[in-house]
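Trainee: Here you go, one structure.
We did not get these values from a lab; they are worked out from the coordinates using the rules stated. Keep in mind it's a predicted model, so treat the numbers as computed, not measured. Glycine also receives a Cβ, built like all others from the backbone with ideal geometry; neighbour counts cover every protein chain displayed.
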Amino acid sequence: MAPVGRLDKASEGLLLLTNDPAWAARITSPESHIEKTYHVQVATVANQALLDQLTAGCNQGGEFLCVKRATIVRTGEKNSWLEIVLDEGKNRHIRRLLAALRVEVLRLVRVAIGPLQLGELVKGSVRSLTREERDALLARRSAGLQ
């Protein structure tokens, strides 16, 4: 078994494993544009200006980084949870983008890959995908749906 894509050592959440390298290559291909959804706790009270900066993007380390969508999930007195959707996956994409905007990431959790949801799966647990889930992931990709 090998991971499909990656999570950096400080991140957690949904990670697919497979023994089918051709399937993994189709899922991780930059041309697939399969959306990955993250919940990100940041050390600031988020506002629309931050969301606009995330979607507008910036150059960081010679790469242009931006997010497809960003919304505020909830806000506290000193921090916020954002939902960030990417359709490409550059190394440490979210962390680098937020660092460029001078926003500290407190926690980063991948909650979905395409139509596959992390749901209530307990940290460290695994389960097999159903055939329908596997087919849905590729069908959405081939149909250009996210």
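Trainee: Hey, which of the strands (runs of 3 or more DSSP E) in segment 27-134, taking only ones fully inside, have at least 3 residues that are closer than 22 Å to K9 by Cβ?
Mentor: The qualifying strands (runs of 3 or more DSSP E) are 36-42, 80-86, 105-113.
Trainee: Cβ contacts < 7 Å: first residue touching a residue at least 60 places away in the same chain (Cβ under 8 Å), restricted to segment 79-105; second residue in a loop (DSSP other than H, G, I, E, B) and hydroxyl-bearing (S, T, Y), any location; separation 6+ or different chain. Result?
Mentor: Qualifying pairs under 7 Å: V103/T44.
Trainee: Residues to consider are T18, T44, T37, T71; find the one that is over 27 Å from A136 (Cα atoms), touching a residue at least 12 places away in the same chain (Cβ under 8 Å) and among the hydroxyl-bearing types (S, T, Y).
Mentor: When all the criteria are applied, what remains is T44.
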